[in-house]
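Working notes, beginning with the structure itself.
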């Protein structure tokens, strides 16, 4: 069965650069969530989208933005990168009548 | 709002011994509850979930958890620990309607002693 696909899996950037992470959800699962997991931390909710509209917002810095496109894939854009942005970024997906969230493998961002 | 509290950031058990990882939840509405496992440098793998059906839930790798509303608990157990169980375990909660986000506990690192 198709799962949540995230790209890239690994990304290395310099401070003050920009990064874009992509998430391709399970077909017909229309809600996308982004999480950030710092080293040794639990995953923290950043933002979510339902039917291409932002549905909830968590602890997402103003330097970050995200959107969900017409094909339901989502992108997380991070600008003016800081060392503290180094983390594992997860995209998760839920659909109608599903209690659980399906997670991608994550994108590991390293900021040097 | 929903939240979970995991008691014990580190738990060590001997190989073959009982594994018990504690999770208590707080929720203003009936919750969905989950346990995820994360191996080093890997993603989140769903172990099991409670979605208001049976209160005793069986998951993968021999793990199970029991939803106890009176105690607001959802502790994770495994009768006999295996070396391969060493990992980080996260309890998580979500409300049972809408497109609510999943809220994670702070995690418990399980170490297995040979």
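Values in this text are rule-based calculations from the coordinates and carry no lab data. Because the structure is predicted, anything quoted here is derived from the model rather than measured. Every residue, glycine among them, receives a Cβ derived from its backbone with ideal geometry; neighbour counts consider all protein chains shown.
Sequence gap at least 6, Cα distance under 8 Å: using those rules, report the relative contact order of chain A to the nearest whole percent.
37 percent
Dividing the alpha-carbon Rg of the protein assembly as shown by 2.2 N^0.38 Å yields what?
Values: Rg = 17.6 Å, N = 226, 2.2 N^0.38 = 17.3 Å.
For the protein assembly as shown, the normalised Cα radius of gyration comes out at 1.02.
Give me Rg over Rh for chain A, both radii from the alpha carbons and Rh done the Kirkwood way, two decimal places.
Across chain A, the Cα-based Rg/Rh ratio is 0.95.
If you look at just the Cα atoms of the range A:21-60, how large are its Rg and its Dmax in Å?
Cα-based Rg and Dmax for the range A:21-60 come out at 11.2, 33 Å.
Report, as an integer, the average count of C-beta atoms from other chains found within 10 Å of each Cβ along A:39-49.
Across A:39-49, the average partner-chain Cβ count within 10 Å equals 4.
With the contact rule set at Cα under 8 Å and sequence spacing of 6 or more, what percent relative contact order holds for chain B? Could the numbers behind the result be given before it?
Numbers: 293 pairs, mean separation 42.9, N = 114.
In percent, rounded to a whole number, it is 38.
Any number yet on Rg/Rh for the range B:1-80, C-alpha, Kirkwood? Please report the intermediate quantities before stating the final value.
Values: Rg = 12.8 Å, Rh = 13.4 Å.
Expressed as Rg/Rh, it is 0.96.
What ranking, highest mean first, results for peptides A:26-37, B:65-76 when packing means the other Cβ atoms within 10 Å averaged over each residue?
Peptide ranking by packing, descending: A:26-37, B:65-76.
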